[in-house]
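**Student:** Here it is, the structure in full.
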Amino acid sequence: MVRKAKLLAAEYAKLAILIEGNDIAFTPNTVKSIISFFMEIIDGANSVVSLSNEIDLDIIPVLDSVKNTLKTNIKQLHNSLTTLNEEIHNETAQIIFGDSLNGFNKDIIGTIDEILFAFDSYLFERNETNKQLLHDSCFRLTNNDTLSHIADFLQKSAVTNLYKENFSDAAFDALNSLYSKIIAEILLFYPQCYFIEKNSVLEHKDLDAIQIYVEKQIIANLAKIDVDRETAYFNKTIVSEILKKHLNSGKSMREIAANIGNEFEQNYQNINEKHSYKYSVIVYKDVQGYDDHAVEGNNYRHVFHYNNKNVIIFRGHIKNGSDCAALNEINYKYLSGCSKDLSVLSHAVIERCPNINNAVFITHGANPEIYPQNLESNQWMGYKFIPMKGCWFIKNRALFYSYN
């Protein structure tokens with residue numbers, strides 16, 4: 001009996017440690033480890049249920065140290081659960097918005113809070129009153145399919161919640177953290193709720209079914225949301241809002257270019273590292289018409305004629321191999337025939353240089369400012385000066401480009 005009591009105390013301590021801290025979250029490279037982590041919680045909680053129902057503490061001597069150890073470790077688990085629940089409440093208030101919040105608080109947070117109170121009461125004092133309280137609370141978890149509600153809320157609310165933060169890494173990490181913590185807390189409760197309902201511990205087939213559900217319905221959805229935002233963050237609406245925010249900042253064109261570049265580098269580090277993305281930004285005076293600027297490519301966004309400025313952002317990669325030889329072979333003056341249509345030139349660069357994905361020609365009179373500023377040291381933004389000597393009233397031009 002004493003040996004089992006010691007094992008029970010150890011399980012309480014292990015569960016307390018498992019749910020401590022802010023590191024409960026999945027990352028795309030650790031799907032197996034987070035599943036293993038979740039299953040470690042439910043396995044430990046299942047062992048606690050099994051051991052606690054095999055032990056009669058009354059026959060253990062009053063002065064035996066195992067009783068004090070059990071009380072200490074139960075208190076430790078209580079403290080860890082309280083902290084975890086507070087984090088869930090704080091993160092919910094910061095992450096879930098609009099119409100989703102009321103339903104989320106009612107169906108998810110309300111269920112967790114009710115079970116936590118009953119679970120805590122039963123944890124400290126196992127009597128019939130607390131057992132009935134836990135039974136009534138657990139009914140919402142085992143019969144109202146709370147896990148299914150979580151999966152539904154995740155699918156319905158994720159895009160709305162992430163959109164408010166422009167699908168940034170931080171927004172996804174926060175969403176991921178919240179749902180992972182909720183799953184961790186529910187899995188800790190589940191074996192005790194199952195025992196209260198069925199008078200039986202979870203068998204291997206039950207644990208396997210829960211693992212499959214969490215993996216397929218929660219973790220897989222989080223992974224898909226993370227993949228989907230890799231496209232969503234660079235859509236025209238999102239990027240235009242970011243560019244306009246900086247154009248309204250009152251900063252110089254050079255500062256605006258740097259701030260835009262830094263935002264895309266810092267807010268999307270996970271996406272950038274995965275795809276090796278690099279960003280180039282050009283901010284210049286509000287010139288109009290193809291005689292003064294023309295851009296072409298497959299991976300750029302722009303805002304023109306806004307707050308007396310134009311801005312273009314290229315998304316590309318570090319140059320792979322040598323520069324495109326055609327850049328020095330194209331007869332820029334001949335192609336445009338001293339005309340004022342720069343779109344002919346930007347089209348020629350994209351057509352003849354397979355390793356270039358975006359190109360813009362801008363008249364030098366527009367005073368373009370760029371990011372990165374040091375063109376010689378970076379390997380992802382190219383520049384070429386295009387003299388227009390001999391063409392009456394046509395100013396020299398600047399070519400900026402990025403790499404596939």
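Derivation of every value follows stated rules applied to the coordinates shown; laboratory data play no part. Predicted model, so just to flag it, every value in this text is computed and none were measured. All Cβ positions, glycine included, derive from the backbone under ideal geometry; neighbour counts span all protein chains shown.
**Student:** Tell me the Kirkwood radius of the chain: reciprocal of the mean inverse pair distance over distinct alpha-carbon atoms, in Å.
**Tutor:** Working: mean 1/r = 0.0397 Å⁻¹.
About 25.2 Å for the chain.
**Student:** Right, another one. Report, in degrees rounded to the nearest 10, the 0 to 90 angle that the Cα long axis of helix 2-18 makes with the longest principal axis of the chain.
**Tutor:** 20 degrees
**Student:** Any idea what the dipole of the stretch 236-403 comes to, in debye rounded to 20, about its Cα centre with Lys/Arg Cβ at +1 and Asp/Glu Cβ at -1? Could the numbers behind the result be given before it?
**Tutor:** On the way: 19 positive and 15 negative charges, 34 e Å.
Its charge dipole is roughly 160 debye.
**Student:** What number does the stretch 2-232 give for Rg over Rh if you use C-alpha atoms and the Kirkwood radius?
**Tutor:** 0.99
**Student:** Relative to the longest principal axis of the C-alpha atoms of the chain, give the angle of the C-alpha long axis of helix 236-247, reported between 0 and 90° and rounded to the nearest 10°.
**Tutor:** Tilt of helix 236-247: around 70 degrees.
**Student:** Follow-up. In Å and from the alpha-carbon atoms only, list the Rg and Dmax of the stretch 92-223.
**Tutor:** 15.9, 51
**Student:** Pairing the Cα long axis of helix 128-143 with the longest principal axis of the chain, what angle in degrees results, from 0 to 90 and rounded to the nearest 10?
**Tutor:** Approximately 40 degrees, to the nearest 10.
**Student:** Sequence neighbours fewer than 8 away in the same chain don't count; with that in mind, list the lysines whose C-alpha is under 25 Å from Lys198.
**Tutor:** Within reach: Lys4, Lys131.
**Student:** For the pairs Lys14/Lys156; Lys244/Lys319; Lys236/Lys285; Lys14/Lys274, note any where the Cα-Cα span goes beyond 23 Å.
**Tutor:** Lys14/Lys156; Lys244/Lys319; Lys14/Lys274
**Student:** To one decimal place, what Kirkwood hydrodynamic radius in Å is obtained for the stretch 146-272 from all pairs of distinct Cα atoms?
**Tutor:** The Cα-based Kirkwood calculation yields 17.2 Å.
**Student:** Where q = 0.12, 0.16, 0.19, 0.22 Å⁻¹, what log10 of I(q)/I(0) comes from the Debye formula for the stretch 207-308, counting one point per Cα?
**Tutor:** Per q value, in the given order, log10 I(q)/I(0) is -0.54, -0.80, -1.02, -1.23.
**Student:** Separate question: Write down the Å³ per residue value for the convex hull defined by the alpha carbon atoms of the stretch 236-403. Spell out each step's value before the answer.
**Tutor:** Numbers: hull volume 18.4 nm³, N = 168.
Cα convex hull per residue, to the nearest whole number: 109 Å³.
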